[in-house]
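J.: The structure under discussion is supplied below as structure tokens; questions concerning it will follow.
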Amino acid sequence: MSKIVRLSILGAGTVGGGVLTLLRENADLLEAQTGKRFEVRHVLVRDPSKPRAVPVPPKLLTTDPQRAVCDPKVHVVLELMGGLEPARTLIRDALQAGKHVITANKWVMAVSGDELLRLARRQGVRLLYEASVAGSLPILNALQGALAGNRIERVVGIVNSTTNFILREMERALDAGEPAETAYATALRKAQENGYAEADPTSDVEGYDAQYKTAILARLALLQYVPLESVYREGITHISGRDLLWARRLGMGLKLLSISERLPDGRLCARVHPTLIPRECPLYVVRGAFSGIWLQGNGFQEMSLHGFGAGARATASAVLGDLIEIARYPKPPRHDDPSLRPGETAPIETLTTRYFVRLTAPDEDALRTVREPLSLLGAEFHPAEPLESGVEQVALTPPLNEGDFQAHLARLREHTSATVQAIRVL
Ligand code: NAP
Ligand code: HSE
């Protein structure tokens, strides 16, 4: 690679803007780290007339994707536009044109990472995607580098900053005696304003963003290709202020967790769902727009990383790390990527899990129709409490088979006027 590394940046939104800022602010540092200078040649956008938080010199702006991707002078294409298409096709085109690619796009990497990584290797170029999982946390690099000599057994993470921010704001509202449900809407709006949320925030609150990240994380940690559809997904839209209040009363926190592990039978199980975690869990303190990853491996034993998981500068930090890596080592590894090996995955129904159960009902009789069958499973109930709209009672269950328990709950729900909330406990 020449002394000047020429870049095409696809997207000048939150992440693209952050990258442009850090490229400018840290130009001397980047040169010191690599012996090269970085020059932006194209910035692809939809609307060149749009006012931007980080102004882009008009001569760099283009709306022509092929110009940005196939310019023979460009060495590295940075895909920071998001969405599945046209992002995936443009990454493919860039690789086929012999460009190195850096992407922050977890959707593309979760759905087509195998195909694109193989294409990059065939083309003799690098495809790096550190920013796609947990923003500034260097977890993908750590798994493929400093921690690669370990057999990783389990990865538990808070990998979506928007939902972690929303849950924290709901807790704050409870502390202030305000309705948590109003705080949910306000916090989502703030997450959008701060640039944490996806273009369509349904991806955050319904757990899709975390599902994409989990497929990538599980693949690199457990060295097995993880089809996206094998990752169980639940979001936070059904979580209420009462759930957060009870979590606290029970000495726990409530987080949207990504959990990937190797089961004793050798299968890989990966999932995303709201989870109650005890205070001693290293992820308990990960609050607001932060992400956290807690790993277990047979050498280092246990480790956690904690930092900004979203936002312009934090994400740009990961993109710049990838850029420095490419400038230093432009050749892809020669060996097959071990994370693309096929293997079996286990559905969530095979797991054994403890549950927090919260029942709400118009009256004690309705409550009893659910409490009694759950007590027979070993659920230990706290005393019932009156609510404005009826009565509420919560319990913790012993470890139960997920498939059996969910089937049981589905049958109970058919025959009761009580509402049954069930949240897994770590
Ligand atoms: P964003 O603020 O919505 O910016 C997207 C940019 O891409 C905009 O400049 C937009 O152009 C451009 N763009 C989108 N579709 C285009 C198209 N079809 N043709 C040309 N330009 C197009 O998004 P973002 O938050 O920066 O996220 C970008 C990517 O990074 C996503 O994959 C996201 O998941 C990932 N990511 C985001 C964060 C974060 O904190 N935001 C963190 C980690 C990873 P206009 O400006 O003209 O509309
Ligand atoms: N929307 C994502 C989040 C951005 O909130 O975590 C970072 O990937």
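All of the numbers you see were taken from the coordinates with simple rules; none came from a lab. From a predicted model like this one, the values you see are computed outputs, not experimental measurements. Methodologically, a virtual Cβ is constructed for each residue, glycine included, from the backbone with ideal geometry; neighbour enumeration extends over all protein chains shown.
J.: Quick check: the angle from helix 364-376's long axis to the longest principal axis of the chain, C-alpha only, nearest 10 degrees?
T.: Roughly 70 degrees between the two axes.
J.: Sticking with this one: Could you give the length gained by full extension between Leu340 and Glu115, i.e. 0.36 nm per residue of separation minus their alpha carbon distance, to one decimal place?
T.: 80.0 nm
J.: Convert each backbone phi in region 139-155 into a coupling constant with the Karplus relation 6.51 cos²θ - 1.76 cosθ + 1.60 (shift: θ = phi - 60°), then list the ³J(HN,Hα) values in order as whole Hz, x for Gly and Pro.
T.: 3J(HN,Hα) across region 139-155, in whole Hz: 6, 5, 5, 4, 5, 8, x, 4, 9, 5, x, 9, 8, 7, 9, 7, 10.
J.: Note the full-extension length gain between Glu85 and Gln301 as 0.36 nm times their separation in residues minus their Cα-Cα distance, in nm to one decimal. Present the calculation step by step, with values, prior to reporting the outcome.
T.: Working: separation 216, 0.36 × 216 = 77.76 nm, distance 4.00 nm.
Here the answer is 73.8 nm.
J.: Now a separate question. Of all beta bridges DSSP finds with both residues in the chain, what is the antiparallel percent, to the nearest 5? Spell out each step's value before the answer.
T.: Numbers: 49 of 73 bridges.
Antiparallel bridges make up about 65 percent of those DSSP assigns within the chain.
J.: Now for a separate question. Relative to the longest principal axis of the C-alpha atoms of the chain, give the angle of the C-alpha long axis of helix 106-123, reported between 0 and 90° and rounded to the nearest 10°.
T.: Roughly 30 degrees, rounded to the nearest 10.
J.: Over 22 Å between C-alpha atoms is what I'm after, so list which of Lys73/Lys331; Lys3/Lys331; Lys3/Lys106; Lys73/Lys213 land there. All intermediate terms of the calculation are to be shown ahead of the outcome.
T.: Working: Lys73/Lys331 18 Å; Lys3/Lys331 16 Å; Lys3/Lys106 31 Å; Lys73/Lys213 33 Å.
Result: Lys3/Lys106; Lys73/Lys213 exceed 22 Å.
J.: Per-residue counts of other Cβ atoms within 10 Å, averaged by peptide: what ranking do you get for 130-142, 317-329, 155-167, 301-313, highest first?
T.: Values: 130-142: 24.7, 317-329: 20.2, 155-167: 27.8, 301-313: 18.2.
The packing order, highest mean first, is 155-167, 130-142, 317-329, 301-313.
J.: Describe numerically, in nm with one decimal, the distance between label points set 7 Å from Cα along Cα→Cβ at Glu280 and at Asp47.
T.: 5.3 nm
J.: Helix 402-414 versus the longest principal axis of the chain: what is the Cα-based angle in degrees, 0 to 90, to the nearest 10?
T.: Here the helix axis deviates by roughly 60 degrees.
J.: State the extension gain, in nm to one decimal, for the chain segment bounded by Arg328 and Gln33, taking 0.36 nm per residue of separation less the distance between their alpha-carbons.
T.: Details: separation 295, 0.36 × 295 = 106.20 nm, distance 0.86 nm.
Gain on extension, Arg328 to Gln33, equals 105.3 nm.
J.: Evaluate the distance, in nm, between pseudo-label points positioned 7 Å from the Cα of Arg267 and of Thr352 along their respective Cα→Cβ axes.
T.: 1.6 nm
J.: If you don't mind, another one. For n ≥ 4 DSSP H runs only, could you compute -39500 (n - 2.57) per run for the chain, divide by its residues and tell me the 222 nm figure to the nearest 500?
T.: Working: 14 runs with 160 residues, N = 426.
About -11500 deg cm²/dmol.
J.: Counting only Cα, what are the radius of gyration and maximum Cα-Cα distance Dmax of the chain, in Å?
T.: 23.4, 77
J.: With the crude spin-label approximation of a point 7 Å out along Cα→Cβ, what separation in nm comes out for Leu387 versus His408?
T.: Output for this residue pair reads 2.2 nm.
J.: What percent do you get for the relative contact order of the chain when only Cα pairs under 8 Å and 6+ apart count? Walk me through the numbers on the way to the answer.
T.: Details: 890 pairs, mean separation 70.7, N = 426.
The value is 17 percent.
J.: While we're looking at this one, here's another question. Could you work out the relative contact order of region 193-296? I mean the mean sequence separation of Cα pairs under 8 Å and 6+ apart, divided by the number of residues, in percent.
T.: 25 percent
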